[in-house]
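In what follows, a single structure is set out as structure tokens and then discussed.
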Amino acid sequence: MSQRTSTTAAPVARLLEGSQVYLRPIHVEDTELYYNTLFQQDVRRLTGTQRSFTKDQIARYIEAKGQDTSSLLLLIALCEDDRIIGDIALQDMDTMNRSAGIRIAITEQGDQGKGYGSEALVLMLDYGFGICNLHRIELNVFDFNERAIRCYEKVGFQREGVQRDALFYNHEYHDSILMSMLNHEYRDRYVKKAES
């Protein structure tokens, strides 16, 4: 999933920006890019993607996400060269209970383990807790995705439980681990530290 913005193109809209990565809106023009990631075997395994999709389905999905007020889907790009390295989403936002789910995918193995995912997560958590006024953000991660589990724990997610045999993939069942972070945990870890 590589894309470089041409020097003559309009400036890229950066919704959230860190030191290494920024998060930008996804557009229908990104359909080809997004579609291709859905057929990378490692991405499919780590996300538990079982279905196949057409480009038309992906274009409609992107259009629908732009109208969906209960979710926010963004692409993750490198600050140094605008290359797209993955995507991240806040989803199923429940305004009454002030909760949401979060998911992230760094699509190329060469971009994993460099802190990009952690930074993207903190940017989206800051948006969720600081702008959307969420109280709880949760995620599910499959038990075989040890790198992601370490990343989530490093960022500050707490393990809450295990959904046994939640995914059937490649001829066997896998557990799904439920993790979450509460707004006061985020603020204690990131906001108070920045204020000191």
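Within region 44-51, identify whether any single residue is more than 22 Å from Gly113 (Cα to Cα), free of Cβ contacts under 8 Å to residues at least 60 places away in the same chain and either among the charged types (D, E, K, R) or not in a strand (DSSP E or B) (or both), and answer yes or no. Taking every residue of region 44-51 in turn, at least one turns out to be more than 22 Å from Gly113 (Cα to Cα), free of Cβ contacts under 8 Å to residues at least 60 places away in the same chain and either among the charged types (D, E, K, R) or not in a strand (DSSP E or B) (or both). In this structure, Lys55 does not qualify as under 22 Å from Glu153 (Cα atoms), of a type in the set (Lys, Arg) and either open to solvent by 60 Å² or more (accessible area, probe 1.4 Å) or touching a residue at least 40 places away in the same chain (Cβ under 8 Å) (or both). Screening Gln158 against (1) open to solvent by less than 80 Å² (accessible area, probe 1.4 Å); (2) farther than 28 Å from Pro25 by Cβ leaves a single unmet condition, (1). Restricting Ile84, Ile137 to those that are out of contact with any His (no Cβ under 6 Å at 6 or more places or on another chain), over 20 Å from Leu38 (Cβ atoms) and modelled with pLDDT of 95 or more reduces the list to Ile137.
Looking only at region 154-196, residues that are in contact with an Asp or Glu (Cβ under 7 Å, 6 or more places away or on another chain) and closer than 15 Å to Phe142 by Cα come to 12 in all. Scoring Tyr61 on the criteria (1) modelled with pLDDT of 90 or more; (2) in contact with a strand residue (DSSP E or B) (Cβ under 8 Å, 6 or more places away or on another chain); (3) of a type outside the set (A, V, I, L, M); (4) under 29 Å from Asp143 (Cα atoms) leaves a single failure, condition (2). Scanning region 147-166 for residues that are of a type outside the set (S, T, N, Q), in contact with a helix residue (DSSP H, G or I) (Cβ under 9 Å, 6 or more places away or on another chain) and either touching a residue at least 24 places away in the same chain (Cβ under 8 Å) or within 19 Å of Gln50 (Cα to Cα) (or both) yields Arg147, Ala148, Cys151, Tyr152, Lys154, Val155, Gly156, Phe157. Do you know which residues across region 167-184 are open to solvent by less than 90 Å² (accessible area, probe 1.4 Å), of a type in the set (S, T, N, Q) and closer than 25 Å to Thr49 by Cα? Passing the criteria: Ser176, Ser180.
Within region 146-166, the residues that satisfy the criterion of being among the basic types (Lys, Arg) and either touching a Phe, Trp or Tyr at 6+ places or on another chain (Cβ under 7 Å) or assigned to a helix (DSSP H, G or I) (or both) are Arg147, Arg150, Lys154.
In the set (1) open to solvent by 80 Å² or more (accessible area, probe 1.4 Å); (2) in contact with a Phe, Trp or Tyr (Cβ under 9 Å, 6 or more places away or on another chain); (3) in a strand (DSSP E or B), Arg187 fails one condition alone, (3). Among the residues of region 35-52, is any touching a Lys or Arg at 6+ places or on another chain (Cβ under 7 Å) and farther than 19 Å from Val141 by Cα? For region 35-52, residues touching a Lys or Arg at 6+ places or on another chain (Cβ under 7 Å) and farther than 19 Å from Val141 by Cα: present.
Restricting region 104-129 to residues that are among the acidic types (Asp, Glu) and modelled with pLDDT of 95 or more leaves a set whose member that is least open to solvent (accessible area, probe 1.4 Å) is Glu119.
The values are calculated or read from the model by the stated rules, or taken from the named source; none is laboratory data. Note that the structure is a prediction, hence the values are computed from the model and not measured. Every residue, glycine among them, receives a Cβ derived from its backbone with ideal geometry; neighbour counts consider all protein chains shown. Accessible surface is based on the protein model in full, side chains and every heavy atom, while ligands, DNA and RNA are left aside. Shrake-Rupley method; radii C 1.70, N 1.55, O 1.52, S 1.80 Å.
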